[in-house]
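The values are calculated or read from the model by the stated rules, or taken from the named source; none is laboratory data. What you see is a predicted model, and the numbers here were worked out from it, not measured in a lab. For neighbour counting, all protein chains shown are included, and Cβ atoms are generated from backbone atoms with ideal geometry for every residue, glycine included.
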Amino acid sequence: MGSNAGRPAGSTAAALGGRLMKLVGDRDAARFSCEISRVSAEPHPVGERSLYGDLLAWVVDSIVGVVIARLGAAGPGERFILDLRFTDGGYVDVDALPASARWVLRTVSAVLAEDHEEVQRSLTAAEQQFDLTMRAETLADALIWLDFVLEVDLPDPPDVTTT
């Protein structure tokens, strides 16, 4: 499982992702914005992966990794269903979310569903088709969602019986 879809997770993307996560945790909005802008504005090299694409794939993989580590993997014939709720318990209308937040939710859902074609399409669109503002918003949202899933109080994974 994973969103790298044929691309190795680069140590550069992981190192940058770690630095950006520290800025999120430190609530250093100025440096966070500067770094997000720099990475998002990087030109996409034709026929090559961009740092932006590698970083975005790393963040998505990290979100999925946290979800699976916290909740356990889906068993045979099972699948994850992401259900967003407000703190008061009311449902979040996914279609009412900003486009960048919808992208994060749908891409993470596709990875969890092991829909590799959708994951690849989604990552390619973010890397090659989004304008600069949408690229920055999507990367920022993905990092903020990762921070959230790392901080949220989830139950321990279920016990697994092995035979």
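Yes or no, residue by residue, for (1) under 14 Å from the mean Cα position of the chain (by Cα); (2) under 20 Å from R70 (Cα atoms); (3) among the β-branched types (V, I, T):
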site	(1), (2), (3)
E117	no, no, no
E137	yes, no, no
A140	yes, no, no
E151	no, yes, no
- Message: Which numbered condition in (1) within 18 Å of A125 (Cβ to Cβ); (2) of a type outside the set (K, R); (3) surrounded by fewer than 17 Cβ atoms within 10 Å (Cβ to Cβ) is the only one that A29 fails?
- Response: (1)
- Task: Would you be able to tell me the number of residues in segment 48-72 that are charged (D, E, K, R), under 13 Å from T124 (Cα atoms) and surrounded by 17 or more Cβ atoms within 10 Å (Cβ to Cβ)?
- Result: 2
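Kindly evaluate R38 against the criterion of being within 16 Å of M134 (Cα to Cα), over 13 Å from the mean Cα position of the chain (by Cα) and loosely packed, with under 15 Cβ neighbours inside 10 Å.
On the way: within 16 Å of M134 (Cα to Cα): yes; over 13 Å from the mean Cα position of the chain (by Cα): yes; loosely packed, with under 15 Cβ neighbours inside 10 Å: yes.
Criteria met by R38.
Would you point out which residue out of E137, E118 is surrounded by 13 or more Cβ atoms within 10 Å (Cβ to Cβ), among the acidic types (D, E), at pLDDT 95 or above and more than 15 Å from I36 (Cβ to Cβ)?
None of the other options fit; the residue is E118.
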